[in-house]
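See structure below.
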Amino acid sequence: MSQYYNQDYTKEEISAVLQKIQECVSSGKYSVAQNENREENVALIREYNLTSDKQRRILMQIGVDDFCHSLQNIKPGFEHEVLYVFCTQVTLFNIADEEKQLDLYTKFNIIDLAMGSRVVVISFHERNKPIDYLFR
């Protein structure tokens, strides 16, 4: 595991992080990154016709046991941010209506603002590298 990955958390701490993430998701205070740097996210959303409602339902199903690690954001100007990585198994249907079970890799940035929190889902794609779960 990379030296930049942090797994020094209790289940209670990750439960609190996940609760904050899911409160933002359920209240619509989140976005899934779909810019030119996030082609894997765009491809998954298109391949499986993941509407905003389907994306929200998937994000709400993530559990504490799906937590992998956190890491510091390395993007210049955002080094103070902590990103949280979860990987959950989901069953999706592609545009040809073929069922596929896959490991969904998600990376979250929780942004705390004066008017409350907001979440950016930086990664929302099929797992493309080995991961280690903290609680499994």
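The values are calculated or read from the model by the stated rules, or taken from the named source; none is laboratory data. If you're wondering where the values come from, they're calculated on a predicted model, not measured in any experiment.
Overview of results
Results for (1) modelled with pLDDT of 95 or more; (2) closer than 19 Å to ASN109 by Cα; (3) within 15 Å of the chain's Cα centre (by Cα), shown as yes or no for each residue.
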residue	(1), (2), (3)
ASP8	no, yes, no
ILE14	yes, yes, yes
ARG46	no, no, no
ASN49	no, no, no
ASP65	yes, yes, yes
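Let's see how each residue does on (1) modelled with pLDDT under 95; (2) farther than 29 Å from GLU12 by Cα; (3) of a type outside the set (Phe, Trp, Tyr):
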{"site": "GLU79", "(1), (2), (3)": "yes, no, yes"}
{"site": "CYS87", "(1), (2), (3)": "no, no, yes"}
{"site": "ALA96", "(1), (2), (3)": "yes, yes, yes"}
{"site": "PHE124", "(1), (2), (3)": "no, no, no"}
